[in-house]
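Below is one structure, written out as structure tokens; the observations come after it.
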Amino acid sequence: MTVRTLDRFPLPPSAVRESAPGDARENARENALENSLENSRERTAPEAAAPPGLRLTAAQRELWSRPGREQGGATQVSATSVTAAPITAAPITAAYREIRGPLDPVLFAEALHRTVGEADALRMRVVDTPDGPRQRPIAIEPPGHGFPLCAADLRVTEGMGETGGGDGGEDPEAFRTALTWMRADLVRGFDPDGGPLFAYALFRVGDRRWLWYRRVHRALLDAHGHRLVDRRVAEVYTALAAGEDPGPSPFGRLADLVAEDAAYRASPARERDRAYWRSRLAHPTVGDDDASHTSSDHHRHPHPTGNTFHLDAETTAGLCELAASVRGSRTGLLLAAQALHLCRATGRRDVFLGLPLPGRTGPAALRVPGTVRNTVPLRLAVSPDATLAGLVRQADDAVREARAHQRYRRADLRRDLGLPAGHPALAGPLVDVVPAVEPVAFAGAPSTLHALTPEKTGEGAAVTFRFPSGETADEGLRVDTWTDHPSEPQEQRHALHALLTRLPALDPHVPLSDLSLVPDEEHERALREGNDTAVPVPATTAIGPFEARAARTPEATALVAGDERLTYARLNARANRLARHLTTLGVRPGTFAAVDLPWSTAGVVALLAVLKAGGACLFSGEGEARGKDSHAIGGPRAAGPYGEPTVPVCVLTTASTRSACSARSAEGPRTVLLDDPDLPAVLAAHPPVDPARALTPHDPAYATRTTNTNHHTVVVPHSALDNRLRWLQHHHPLTPADRLLLQGPSSPDTLAVEVLWPLREGATLVLAAPETGETGTSGTSGNEAADGRASGCGADAPAAETGPDDRPDEAGEAGAPVPSPARRVREHGITVARFDTAALRKFLGAPEAGECGRLRHVLTGGEPPDQATADRFTRLLPHTALHHHFGPPEAPSAAHRTWAPEGAAPHGTVRPVWNARLHVLDPALRPCPPGVPGELYIAGTPLAMGYAGHPARTAGRFPADPYGPPGTRMYRTGRGARRRADGGVELLAASDPDGCQGPTGGGEPPGTAPADGAPAG
């Protein structure tokens, strides 16, 4: 039977005929009920003073909203209705009860119809009146004559008769068909004006297996009311099956429940409850992720997703024994476990949970099916020095107090405190602990309840713990989880399972910070996942492969700057002569030289020359380059963690660049003016061959200032830079046919990605002109540094011998705008380019972006592109790969991510590069299991040597790696992260202001956009 045939249809004619005698009895009860309600209204108020019908309880008013009624009550699957409802987002509740055993569908229909007649709440509709909504009784037709019951036998082959029997065979296809129908039925609406506001179905899916489905508006019944109704249906059915009278209804009157609710709201008890909750929720602490939740309703999903797992009987018994051993309850233990799980998952120590309570305090109210249930906030302090035993007792005490004040509505409390919807203090995960109770059985046939919608009535997630009972008493604890945040990783639910499994084996009296909540094998797996990155690389420096390339392909084009073309031989010769000159000034391995030049031919030559001389390039702010905030250098060069202060031996610049800056200190480093007219003759005296140098992979390659609050200088060795370049070539291979655009500012990323990478691999480096709206010549960026005669870097021949290839590029007349990045990429045939996020968006916004068909790779650093930008990129350039490189200055480009067109990986998920390891650790430096957030540590070859002149800070931020080879270190990023099941690492918010900041850890202070080409790290 297909789903299309499963529209509403009545029971078979036999059921209608057999039910007819019972219909008369139900009609009589119907009239009696209406008379009872009318009498109740007459006793409570004169007819002229109040319109006919009962008032709504406070809980009903929260659930009954005009947007919900306009959608027919099906708003839990409508994003618009979810946000429109004033308090809650799910006005219906749906579930099915699985019945295993023989069942007579005719008797079942009669039992259900009788019970509906006994439950006042189910026989109500809600109407608008001048004084607000009112509940009025409606007539409920018998089965077969309008009663909302759908019944069907979905078995492919029938068994041994209508009342069951057979061999108990299952029909999986029938079960799937029924489940599909039920899920589709969730979107069906109710008629709020005509009613009824409920619907039922009964499906036969096996010879001895039945599914009783219900969908009810939440304004009619809460969870306690559903339990009363379910139990009464089973009781009536059992009596009818035995040929006995079910007896009088055990239910109380709805009018009494409404009157009790109204009396409470006008009583001093409500004021006392209000004062208690205001005191209890004073000064809630809110983290960064809380603030994002408050304003992230657009990330919520209208279809809450559920997940169920079971603990075995042994683990469940262990949890019960653990609760008894600390003199706590099972409820307290599970609440403590959920609080501990939430603390580990979010890093918050001030944990708020939602505790659902029936809202009924007297025995009479407990007998009335209706809606008065309330979810109260449960606040628990999960401090590192607390113990599990103490947390259980804290939870028990909090529950005890909450029950005494359970009738004060959470919606009222939100208004009292002035908190927005979604604030974590009132939208924490709902945690419901259902104790073992007598099972609901239908004439001996046991049943199990399965929720199709969560029982939650707030904004957060929901967890239900159900202890086994009856025939399932030998089974273990069942845990149902719900979330309306689809981005929440499934690993977090696995983490809850792992925590519950681990708890019985833990010592409840040791501090929580010392508890290992996952088994050792989980720790080992967390360390291995995604960190199998060991790749042997040659022990070379970053500059050596460029020299080898120049020797192999001397006549290939290395650099293009407008009309200027430099072969590898000419570029290498210029850099060699300048390098030999720098060695006479003291540049050698372990020293630093600052390059203070705009990008030009001279700038490229200067960087290569510093590395060829064995020195390290110093990228820094104006103050440090000019000696205003520098340290004197001294002592031998470091081979391990770098603790020596740095100051450049010299600063390579030009007169025009120098004049644009403040005057230099007399005590500062020596200045080398590359446009000095006397410099070409000095360089011509040096041979154009590679200089000898005692340079090793452990020597510094460059140093750069961090952009966090401390502004320390980070020193990075050749080994880290060379490893990065070799990984780049392996994952995004360049060929001699590639052309790479040099457009970023002078930075480590530009040195690595836009200068050294293409020049090591035989590709062509193309210098960009300033962006549109700026003026000047494209090759010189407004000065003459590109001209070898003016800069003194054209020293592969004397100044007088300079040929036409050395003329500076003239992009146009002075003051004329230069092309946009997209146009430059198109016109120069660029195949590889690098942008920061802002520049990438600007590039994609240009009309020429879609015409850059030769682009093979685009690399990003700094702030990662959002998914919308990535999707736009793949639409415009479907054959171009988009890559993001992540890493703070202390571990540059230690991780990466390549966007797929479908965007399968979550935003911010990265993987380590060669010989790098990403550790997600808890405060005790234990690996966090997948799905559990911790702090990101980076280990391996990409690490910097340390902070120049700050050995103590270096030791603090680069602790020993307990999971690496002896003597290795790791860098504490200060960034939150969590590992995914596939081995990737999802980046979260920064937790340490001195660590890496911003979504990529590029070191930018919060709210500061990185500059074009800023270190991605």
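Brief remarks follow.
- Residue match in the stretch 408-422 (condition: at positive phi and not hydroxyl-bearing (Ser, Thr, Tyr)): yes
- Qualifying strands (runs of 3 or more DSSP E) (wholly inside the stretch 524-628; at least 1 residues being out of contact with any Pro (no Cβ under 9 Å at 6 or more places or on another chain) and more than 17 Å from residue 752 (Cβ to Cβ)): 557-561, 564-567
- Looking across the stretch 724-759 at every residue that is crowded, with 23+ Cβ neighbours inside 10 Å and acidic (Asp, Glu), the one that is modelled with the lowest pLDDT is identified as 749.
- Odd one out for residue 709 among (1) at pLDDT 90 or above; (2) assigned to a loop (DSSP other than H, G, I, E, B): (1)
- Set side by side, the residues 586, 615, 627 differ, and just one is modelled with pLDDT of 90 or more and at positive phi, which is 586.
- Output for the stretch 538-558, where each listed residue is under 29 Å from residue 941 (Cβ atoms), aliphatic (A, V, I, L, M) and touching a helix residue (DSSP H, G or I) at 6+ places or on another chain (Cβ under 6 Å): 542, 543, 550, 558
- Filtered by the rule that a residue be assigned to a loop (DSSP other than H, G, I, E, B) and either free of Cβ contacts under 8 Å to residues at least 12 places away in the same chain or among the hydrophobic types (A, V, I, L, M, F, W, C) (or both), the stretch 367-394 gives 368, 372, 382, 386.
- Residue match in the stretch 438-456 (condition: open to solvent by less than 40 Å² (accessible area, probe 1.4 Å), among the polar types (S, T, N, Q) and under 27 Å from the mean Cα position of the chain (by Cα)): yes
The values are calculated or read from the model by the stated rules, or taken from the named source; none is laboratory data. Keep in mind that what you see is a predicted model, and the values were worked out from it rather than measured. Neighbour counts run over all protein chains shown; Cβ positions are idealised from the backbone, glycine included. In case anyone asks, the SASA skips ligands and DNA or RNA and just uses the protein heavy atoms, side chains included. Shrake-Rupley method; radii C 1.70, N 1.55, O 1.52, S 1.80 Å.
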